[in-house]
Amino acid sequence: MARERLQKIIARSGLCSRRDAEELIRQGLVTVNGRAATLGMKVDPEVDHIKVEGRRLPPLEPLRYILLHKPRGIMTTCEDPEERTTVVDLLTGKVRERVYPVGRLDYHSEGLLILTNDGELAARVAHPRYGVVREYLVKVKGDLTPQEVARLRRGARIDGVPVRPRSVRREHRTRKAGNSWWTIEVTEGRTHEVRELFFRVGHPVQRLKRTAIGPIRDRELPPGAFRDLEPGEVEALRRAVRTPRRREGGARGRGRPGTGRPPARSPKRSPGRGGGSRSKG
């Protein structure tokens, strides 16, 4: 295997993000062949003996990028203390690599979800400062007035943080039982943000489906099914998170909590089968 920067190898293992790996190296918590590592050094994980906080770095697996259509009633985690079915359970026996969900999609929501063992890409896609747009198709109770649509577009403060949709538009679907359908794009990634935004204008969400993650979309993938991302899709996703978005004011330009990146001094190991992202929607 070609030699690569140590912090990239640590991130590839799923142990933590590249930034946290750099901090661990600075703190002297990483050794290579028994000696303290230095920032920027290149290693070959198949030859070099790498330890992080005294533990051998997990073997690198082939990178895997999976697109899953999460059904409603499934947990976006790797394990659930209440023993409910998780998105990882849907892959058991079909995917050998220890992939984990990127970002959040709550129990009652459905739609597209990426699972991967590429820790660096996962961290960038999930973190709001890279501005990856999530698109949702939403059915709400009743129909919004023009004034309510204007309020929705202005956003709201959720958990003390300003959240503003990137776009909102009404879908011209047949109305049934006094409801309406909307497409909304957000970049925040806060828990229940879409549901909360509609609730604040008086129209509770009845159904929520994620239809796109950045450049990734698939209208043909049925609930419960999954597929590997095409190389072109992975590259498009990488381009989308190559650099952080510039501050634009409002919620979209602030450094907000969205993924809970693990602390540098005690990085979480790859969720694999033992952890996962909290859910959202």
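Taking the conditions exactly as written (touching a helix residue (DSSP H, G or I) at 6+ places or on another chain (Cβ under 6 Å), among the hydrophobic types (A, V, I, L, M, F, W, C) and in the same structural domain as Ser109 (by TED's automatic domain parsing)), does Ala150 satisfy them or not? Reasoning before the result, please.
Numbers: touching a helix residue (DSSP H, G or I) at 6+ places or on another chain (Cβ under 6 Å): no; among the hydrophobic types (A, V, I, L, M, F, W, C): yes; in the same structural domain as Ser109 (by TED's automatic domain parsing): yes.
No, not satisfied.
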Are there any pairs, at least 6 apart or on different chains, whose C-beta atoms fall under 8 Å, with the first in the stretch 126-151 and closer than 11 Å to His203 by Cα and of a type in the set (Phe, Trp, Tyr) and the second surrounded by fewer than 18 Cβ atoms within 10 Å (Cβ to Cβ) and modelled with pLDDT of 95 or more, and if so, which?
none
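Where in the stretch 114-227 are the helices (runs of 4 or more DSSP H), entirely inside, with at least 3 residues that are surrounded by fewer than 21 Cβ atoms within 10 Å (Cβ to Cβ) and not polar (S, T, N, Q)?
Working: elements: 119-126, 146-154, 193-200.
Those helices (runs of 4 or more DSSP H) span 146-154, 193-200.
Select the strands (runs of 3 or more DSSP E) contained entirely in the stretch 1-97, then report the ones holding at least 3 residues which are among the hydrophobic types (A, V, I, L, M, F, W, C).
On the way: elements: 30-32, 50-52, 65-70.
Output list reads 65-70.
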Among the candidates Pro58, Pro62, Pro101, which residue alone is exposed (fewer than 13 other Cβ atoms within 10 Å of the Cβ) and not hydrophobic (A, V, I, L, M, F, W, C)?
Pro62
Near pairs, Cβ below 7 angstrom, 6+ apart or cross-chain, from the stretch 206-225 (closer than 11 Å to Pro71 by Cβ) to any residue that is of a type in the set (A, V, I, L, M) and surrounded by 13 or more Cβ atoms within 10 Å (Cβ to Cβ):
Lys209/Leu137; Gly224/Leu90
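The values are calculated or read from the model by the stated rules, or taken from the named source; none is laboratory data. These figures come from a predicted structure and were not determined experimentally. Note that we place each Cβ from the backbone using ideal geometry, even for glycine, and neighbour counts take in every protein chain shown.
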